[in-house]
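Down below is the structure, laid out as structure tokens.
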Amino acid sequence: GGYVANSLAIMTDALHMLTDLSGIILTLLALWLSAKSPTKRFTFGFHRLEVLSAIISVLLVYILMAFLLYEAVQRTIHMDYEINGDIMLITAAVGVAVNLIMGFLLNQSGHLHSHSHSHPHSHVPQPNAPSAAHSHGHSSLAVRAAFVHALGDLVQSIGVLVAAYIIRFKPEYKIADPICTYIFSVLVVLTTVRILRDTGVIILEGVPRHLNVDRIKEDLMKIEDVYSIEDLNVWSLTAGKTTAIVHLQLVPGSSSKWEEVQSKARQLLLNTFGMYKCSVQLQSYKQEMGKTCASCQSSSA
């Protein structure tokens, strides 16, 4: 519709929708990849393909946005363009209608989800109740976040509709079209900067934002018979799948309790901190003896 109407505002709005579509495709890709078994060559699996796909999609969005911005600047300078106000108005109206429907469906989904899990059907305690509640709460938050995002898209579509209305009935104000392109380009950048930041942290094997290494060390040190933490590495395979490797030293004389310590450490990492995978290495504490260098030995001799 934007191409037929020669409207950069609608094409930029469509570009913003493309970023949302990319997010949905990446989510589906992550679900598909998580079901694939690791191979001898890729022992961690194929989770990082999601990160690679995210970077490629963002780069494509930036290339398209740069082209639209260039066209907007040219139109602002020369003002030698015509816009089909009728087609622009119709396309913008359809965009607003679709966003209204999407927001309504997400709002209904959020209410149905909260009602379906607000009243338990049995008073018998369930062993998996905490994890189930966490899953339900996470799903509810995801629906609410999608609803808020849909509201943002609706506001953008309304802005395009207003611009289309102005251009349709006041063609001399066609400068509103490139102005919308400038505004929506900023929104696209704000939407994708977080994706680039998160993927950068994953590629550099940084600690995810929601985890605190010092807090993890403190809780590990609280485990009985743990003397010290030799090493702790925390990184993400992909978004939402955190891995940890920890090397613990046991209190002298407690080597027989290594299975219990390992079990508690794994439970802490997997359940409390939500690790996807973890490896716990244990060894008995051995005090390092001071090593005398050869020059000291020769001088004392």
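Throughout, read-outs are computed from the coordinates displayed, never taken from laboratory work. Small disclaimer: the values here were computed from a predicted structure and weren't measured. Note: ideal-geometry Cβ built from the backbone for every residue, glycine included; neighbour counts use all protein chains shown.
So which of Lys222/Lys286; Lys36/Lys257; Lys40/Lys241 end up more than 27 Å apart by C-alpha?
Lys36/Lys257
Using amide H atoms built in the peptide plane, which far-off residues or other-chain residues are under 5 Å from Glu230 H to H?
Distant-sequence amide H within range of Glu230: His247, Leu248, Gln249.
Determine the percent antiparallel among the DSSP beta bridges restricted to segment 213-284, to the nearest 5.
55
Write out the trypsin sites (Lys or Arg not before Pro) in segment 216-247 meeting two conditions: DSSP loop, and at most 16 other Cβ atoms within 10 Å of their Cβ.
Counting only loop positions with at most 16 other Cβ atoms within 10 Å, the trypsin sites (Lys or Arg not before Pro) in segment 216-247 are Lys222.
Across 5 Å bins from the origin, how do the percents of Cα pairs in segment 213-284 run, short distances first?
3, 17, 32, 25, 13, 6, 2, 1, 0
In segment 7-70, what trypsin sites (Lys or Arg not before Pro) fall in a loop by DSSP, with at most 14 other Cβ atoms inside 10 Å?
Passing sites in segment 7-70 are Lys36, Lys40, Arg41.
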